[in-house]
Amino acid sequence: GQALEIYENGYAQLQGIGCELDEFYKMKRGEITCLTGIGNYGKSSFLSWLLIVRAVMYGEKFALFSPENNPAHEFYHDLVEIYLGDQCTPHNPGRPGKMAYEAAYDYISKHIFYVYPKDIAPTPDYIKERFLELIIKEKVDGCIIDPFNQLANDYASAGGRSDKYLETFLSDCSRFAQINNVFFTIVAHPKMLRKESDGNYPCPDVFDLADGAMWNNKMDNIIVYHRPNHQKEPQSPICELWTKKIRRQRQVGKKGVLQFEYYRKERRYHINGVDVLEDILRRDKQIKLTENYTNDY
């Protein structure tokens with residue numbers, strides 16, 4: 001019956017974010033995606049931006065285990081700055097007004113839930129329990145572990161073999177995503193790379209991850225966020241998203257590379273010259289905060 005459904009109607013269309021990124025990668029429920037990229041190049045910022053875009057477009061909610069972004073209030077402040085498209089500290093005399101900031105903070109905190117255990121080692125089982133709680137209580141649509149190597153991973157349970165441990169862990173995450181019909185993203189750091197002759201780092205590959213063969217085997221999608229000029233020109237806005245593995249290319253996207261820009265001042269990404277989030281907020285008439293209350297205080 002299901003095969004006939006594809007014959008009759010084609011593959012179910014996934015919801016993208018309405019720009020060129022959709023050709024390369026759209027999020028799919030029940031799948032696990034690995035996002036990797038060089039440390040401190042901004043992969044978590046890219047992911048935060050993508051989640052906010054989806055929250056605004058579809059009202060989706062996400063649970064994040066993200067200890068590298070601790071404390072939580074700083075993490076939320078960063079998300080608010082992406083949402084408002086501006087730096088929200090006294091360093092910026094033209095920053096959005098206090099009402100705008102509070103309204104944005106309220107909106108973000110209803111859509112993105114920060115999971116961080118205060119007292120307990122963050123084992124995969126504990127984090128999945130917290131995710132499940134949020135799926136039930138808050139109806140979250142997606143779960144994010146950022147990054148994998150900040151979990152309390154018990155390699156001894158797999159006889160000290162990291163690849164065997166990873167196999168079990170990724171299989172569990174995949175099952176969790178399927179059973180709960182959620183998006184599931186795991187951020188992973190690559191190993192140290194060698195610089196190219198021009199002084200920049202090459203884009204990491206799947207096999208630059210520890211136990212890369214296992215990631216390659218188990219993940220539905222592997223995407224890499226890269227800034228090709230960042231080492232030599234930290235101010236360069238050029239970004240790349242490489243899709244290294246896409247299991248369901250008819251629905252999710254194609255393998256290849258998309259080039260776009262990051263504008264630090266506005267905390268936002270422009271794809272094909274368009275500030276995608278601004279475009280959506282304008283179309284959506286979503287609490288278009290910045291205009292309403294720029295100078296209210």
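Residue-by-condition table, conditions (1) of a type in the set (S, T, N, Q); (2) assigned to a loop (DSSP other than H, G, I, E, B):
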position: ARG29; (1), (2): no, yes
position: CYS34; (1), (2): no, no
position: GLY39; (1), (2): no, yes
position: SER45; (1), (2): yes, no
position: LEU51; (1), (2): no, no
position: VAL56; (1), (2): no, no
position: GLU68; (1), (2): no, no
position: HIS73; (1), (2): no, no
Scanning the stretch 142-179 residue by residue, those within 19 Å of the chain's Cα centre (by Cα) and either at positive phi or open to solvent by 40 Å² or more (accessible area, probe 1.4 Å) (or both) turn out to be ASN149, GLN150, GLN178
For the stretch 66-91: of the residues being within 13 Å of ASP106 (Cα to Cα) and aromatic (Phe, Trp, Tyr), which is surrounded by the fewest Cβ atoms within 10 Å (Cβ to Cβ)? TYR76
Of the numbered conditions (1) acidic (Asp, Glu); (2) touching a strand residue (DSSP E or B) at 6+ places or on another chain (Cβ under 9 Å); (3) more than 21 Å from GLY253 (Cα to Cα), ASP220 satisfies every one except a single condition; which is it? (3)
Can you find, within the stretch 1-22, the residue that is modelled with the lowest pLDDT among those that are among the polar types (S, T, N, Q) and over 23 Å from the mean Cα position of the chain (by Cα)? ASN9
Quick check, is SER162 out of contact with any Leu (no Cβ under 9 Å at 6 or more places or on another chain), of a type in the set (S, T, N, Q) and free of Cβ contacts under 8 Å to residues at least 24 places away in the same chain? no
Among (1) more than 17 Å from the chain's Cα centre (by Cα); (2) crowded, with 18+ Cβ neighbours inside 10 Å, which single condition is ALA213 missing? (2)
Restricting the stretch 174-213 to residues that are closer than 19 Å to LEU241 by Cβ, in contact with a helix residue (DSSP H, G or I) (Cβ under 8 Å, 6 or more places away or on another chain) and of a type in the set (Phe, Trp, Tyr), which is modelled with the lowest pLDDT? PHE207
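The values are calculated or read from the model by the stated rules, or taken from the named source; none is laboratory data. Quantities reported herein were computed from a predicted structural model and do not represent experimental measurements. In this analysis, Cβ positions are derived from the backbone assuming ideal geometry, glycine residues included, and neighbour counts consider all displayed protein chains. The protein model used for the area step is the full one, side chains on, heavy atoms only, and it has no ligands, DNA or RNA in it. Shrake-Rupley method; radii C 1.70, N 1.55, O 1.52, S 1.80 Å.
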